[in-house]
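Notes for the one structure printed next.
The values are calculated or read from the model by the stated rules, or taken from the named source; none is laboratory data. Only a predicted model underlies this, so the values are computations on that prediction, with no experimental measurement involved. Note that each Cβ is placed from the backbone with ideal geometry, even for glycine, and that neighbours are counted across all protein chains shown. Please note that ligands, DNA and RNA were not included when accessible areas were found on the heavy atoms of the full protein model with its side chains. Shrake-Rupley method; radii C 1.70, N 1.55, O 1.52, S 1.80 Å.
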Amino acid sequence: MSGASQKQKFRSVLPHEPLPTEENGFLHLQGGFEPKKQQDKKKSKDDGADEKQNIKDYYWKETTSLEQALVNSLSTQEQHYKSLHIPFPAQAVQVLDPSPPFTKIRLQYQSPEQAHQVMIAWRKYKITPSQLFSNISLGDCDDIENNWSSSAFGSHATQATMITQIPMPQSSASAWTRSNPPKFRRLLHEHNDAKERSETRYVYITGLVDPNVIDADNDESNEKDGNGSEEESFWKQPHAVLEAIRQKFKGYDSSGDGIETFLNKKQNQLIRSLHIGMRSASDAQKIVQALQGQTVVWEYNGQRLQSDALFLDYVSVTQRSVKKSKARADGVEPERGEASRPDCTSTTASIEVPGLQVIENYLTQAQEEVLMAILTGPQAPWAPNQQNMSQTGDVKRKVQHYGYVFDYKTADVLRDRTEPGHSDCPPMPTMDGELTENGLEEDAKTGKGWEVLAGVVEKTRRCQFNANKSTGTTYPNLNQLTINYYKPGEGIGSHVDTPPAFGDGLISISLNGGIVMEFRKVDSPSTKKLVYLPPRSAVLMSGPARYEWEHMIVTRRTDCHNGQVLPRKLRVSLTLRTALTLEGAPLPLVESNKFPPVWGSQSGGDDQGDNSNAITTAALATPATERDHVHAVYDAIATQWHHTRGKRGVLWPGATQFLQRLPRGSVVADVGCGDGKYFPAVWEAGSYVIGTDISRPLLETAFGVAGEHTKPNTSEPNPNIPETRQVNEHREGLRDRPAVAVADCMHVPLRTSSVDAAICIAVMHHLSTPERRVRCIEELVRIVQPGGTINIQAWAMEQEQNSRRRFAAPDVFVPFNAQPKYLEKVEWNKNKNNTTSDSQPPESGKKASEEKPDAMEEQKSVAELYSEQYTKADYDERKGLVVFQRYCHMYRKGELEQIIEGIGGATLVESGYESGNHFVIIEVTK
Amino acid sequence: MRLLTHNYLISNVKGTKEGYPLQIEAEEVVIEDSPFDQELVTGILPKLNYEAVIGALHQVADKVEPKPADIPEKLPEGEIDTATLEALYHVLFNIHVIEGHLVCPDTGRKFPIKQGIPNMILHEDEI
């Protein structure tokens, strides 16, 4: 055991790490350097164990011949190591641990670069012990020569790890990674809380027990009981053994909380390796540095045990195991789609896939942003009822096609575009003008997402690709676009795109999130290549990459690229392909410059009904977008909305001035009044206001504020009420019972020409079609008497420089982060922990119906509970917030004015921009 | 819902001619006195459909306790004396329909009033 005396501090180098700078390089071989078992069986069966032991000793210990033979073959016998493709000789060979299958052999090379080259060769040619021993002379080893042959040794490839004397590539503890997470059972009685656990650093130790010591023990006890492995009996009380180990290393624990020790699943291998958990990174570092290569003596059961030369290495626990153990502790089954630790792209760096080309930064950030906005926004035309390849139902991820539908059932293109709802997908977006990079960028920055998409398609048709040594290849016939929406964790099975359906040249553009794509050679599936596709990149699969390699995205939540574990984000991919006729020619291009693209034969635009006055009944019915992403959202968040916004009483000064300019004694309609934030301004201007809104919960918040305005038990005004919400004492009656009605702004329930003025603040931007925007203003004009005025404000596409809001496209979802404590539908959840609170009994029937959960529901995770109650919302587990998506249409400068031009009986008086909003004031002239 | 508010509300159900005035079927009515605001009531009165005020008052009369001071059957022309204005203010501002229905005169469609808030939302087949 020459290694025992060494004091070097070794650590393995991962493929992505920089090469170390120290003088020598070391390779660490691990594997089954032992004669095959069959060899043993030829021996007498009576004393098999002893015999085996003897042989092992004989090979590695009692004679140094084998070690010497290795030295010779790897360092001096040039012919031999060259024949194994090993480029450099080893300077020294040391057998650190002869015990198979943990045999460890350390090879020293002249420089780390040499060691690195050699390691690559070991891995590439999968060198096995039998190859190593195939051509060596055992010299004087007569005794075993007869039994010995190279084939007696294992033929499994030997694992080569490059090791360095530098303990860490950089000091940061985050750089600790080893290839395998420990699979272990904890053996610590005291529970440490999650925080402690998150700071725990794991260390892997081998050699704690000198096998000879145990073996000696073995022989003795064999005489006593005659059967059973004594190794096992030694570990019969694992807790006691582990406690002894904890005692031994106590000195390295600076926290005083104790060291964690972990029992390997295979108990009888505990002797070989053990994981311990140190309470901090510095403790772990200390113990590794101090004990590397050392021997220690420890006591168990009155025995003094001598260790072998210790080998210590850092271990990182994967995200998955932490997450899973956390999930289990919560009584929840671990999330699906959690895969084992991902392979790093660097492990396949040497593999080449001909015909594959990745172009980084194919799109600019602005282009990516605007594309994400339209493709994840309210106008994204997700395809109905896609079938997946296994014909069991919908494709799990969201998919949409343009040009031609790819049918997952038949794995073919639907060449006939006429079948309603099935093959009549939207046409390819096409450009109006000329394609220029500047024009594309300008469109991106001004939110013209569909124009950008059309531009990107055209740009890709013209792009000159250089894959597979052929230069300047273009794919001018791209006529099919598939948009895939991969949530983190979602993937796609291994496949070659149907050859007769699509021509050569598949181009896939990644948006928002990067991903590692796995390629496997069809005729040699073990040949695999991992390719990282960063966001904004384009990847081309052509020639062999397209026809001879399958590609897939593994279903998991993280990828590993150049040693960094990258959590996956939402990824939207644009895949451009050339759909072919049955004869193999490109199908005709189906394209349109009408945006947004829609499913169904009406895609082409509004041919019927050019008369803008004729608003169809269909336009008046609430579209699903508004129902799910406006009405349902405000109903759910009403309490919080009022609490965090309305109560602050922040009014647009322009709207307040408009109200103040009205003659006293006016009647004002506030269409879409919400929680009645502008009511006090109307009352203080000496007028009366009737508010309408579609959200009853929001209207309810306008009530029940009586107590809020005075200090408790006094009549003094509450100083916390903002000035804009305070009303003169004699108007308190108005405040306590404001005039409101639940109504849709498509049908305002007020008499024609009845009110003196109307305001419509922050309402129009929630209307999802041009017809509805027209209708809303027509209703306002209808109810206001001639000579009266209307003030409309709506969100602007153009936001100020310092605004925290920025909109990538005119039609977007704007998230609203709801705090669960405000959400009515999980009322019981609040009260569970707080039964004595002043929670009033639920008033409306809606709340009462969700009262008590049954026992099953009690066990549901919070996230599940919310997602059941609020189907269109997401639960942000990290922040503990329910995230609602509000549909918004951002008005461009001049857009409101343009609508008003088309409306009779109204004249534009004033228009402008205020705090991120466009506003118009209209006079009714009918 | 004040009687003042009621004076402005209409039914928009498909097939209505005017949808006005809505008939009140009151189940619960409360009277809440509030300070008389002469300026406000004077400004509003000329814009009201006075007939509808009288009609509404009749419809809720049996639920109004104590009985309000009489108001004129027709809106007086010219300047109105303070006592009449106070009586009108009381009727328009202090009588609240809390529970009940508003009934469309053309179609008979009933719009519920709950907790003082009328629900004028139309069903999909009414638009």
Mind giving me the nanometre distance, one decimal, between the label points for B:T42 and A:Q68, set 7 Å out from Cα along Cα→Cβ? 12.5
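Compare A:E451, B:E73 by solvent-accessible area with a 1.4 Å probe and give them largest first, with all protein chains kept in place. Don't skip to the answer; put the middle values down first.
Working: A:E451 70, B:E73 125 Å².
Greatest to least solvent exposure: B:E73, A:E451.
Local charge sum around A:N477 (other residues, Cβ-Cβ under 13 Å, Lys/Arg +1, Asp/Glu -1)? Display every interim value, and only then the final one.
Values: positive: A:R461, A:R462, A:R577; negative: A:E458, A:D504, A:E591.
It works out to a net charge of 0.
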Area of A:Y532 that stays accessible when all protein chains are in place (1.4 Å probe, Å², to 10): 50
Distance (nanometres) between label positions extended 7 Å along Cα→Cβ at A:R648 and A:E434: 4.8
To the nearest whole number, what is the average tally of beta carbon atoms from other chains within 10 Å of the beta carbons of peptide B:92-100? 1
Can you pull the mean other chain C-beta count within 10 Å for peptide A:688-700? 3
Kirkwood estimate for the stretch A:416-529, i.e. one over the average of 1/r between Cα atoms, Å: 17.1
Tabulate in residue order the Karplus-calculated ³J(HN,Hα) for the stretch A:775-790, using 6.51 cos²θ - 1.76 cosθ + 1.60 with θ = phi - 60°, rounded to whole Hz; enter x for Gly and Pro. 4, 4, 5, 4, 5, 4, 5, 4, 7, 8, 6, x, x, x, 10, 10
Can you tell me the accessible area per residue over the stretch B:3-106, all protein chains present, probe 1.4 angstrom, in square angstrom? 48
At a probe of 1.4 Å, how much accessible area disappears from chains B and A on forming the pair, both sides counted, to the nearest 100 Å²? 3000
Arrange the peptides A:397-405, A:645-653 so that the one whose residues have, on average, the most other Cβ atoms within 10 Å appears first. A:397-405, A:645-653
Using Cα springs under 10 Å in a Gaussian network model of chain B, which residue among B:I24, B:I80, B:I113 shows the largest mean-square fluctuation? B:I80
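Taking beta carbons within 10 Å but only from partner chains, what does the mean come to for residues A:437-444?
Mean inter-chain Cβ contacts per residue within 10 Å come to 0.
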Using alpha carbon positions and the Kirkwood radius, the Rg to Rh ratio of the stretch B:3-106 is 0.97
Would you calculate a helix-derived [θ] at 222 nm for chain B, using -39,500 (n - 2.57) for each DSSP H run of n ≥ 4 and dividing by the full residue count, to the nearest 500? -6000 deg cm²/dmol
Just to confirm the filter: which trypsin sites (Lys or Arg not before Pro) across the stretch B:53-127 are DSSP coil and have at most 10 other Cβ within 10 angstrom of their Cβ? B:K74
Within the stretch A:490-525: backbone nitrogen closer than 18 Å to the A:T581 label point (7 Å, Cα to C-beta): A:500-504
Could you give me the ³J(HN,Hα) list for the stretch A:370-379, computed from phi with Karplus coefficients 6.51, -1.76, 1.60 and θ = phi - 60°, whole Hz, x at Gly and Pro? 6, 5, 4, 4, 7, 7, 10, x, x, 8
Where only alpha carbons of the stretch A:345-592 are counted, the Rg and the Dmax (Å): 17.2, 50
Can you pull the accessible area of B:E65 for me, 1.4 Å probe, Å² to the nearest 10? 140
Return the carbon/sulfur percentage of the accessible area of the stretch B:3-106, one whole number, probe 1.4 Å, all protein chains in place. 47
Distance in nm between label sites at B:S34 and A:T21, each 7 Å beyond Cα in the beta-carbon direction? 8.0
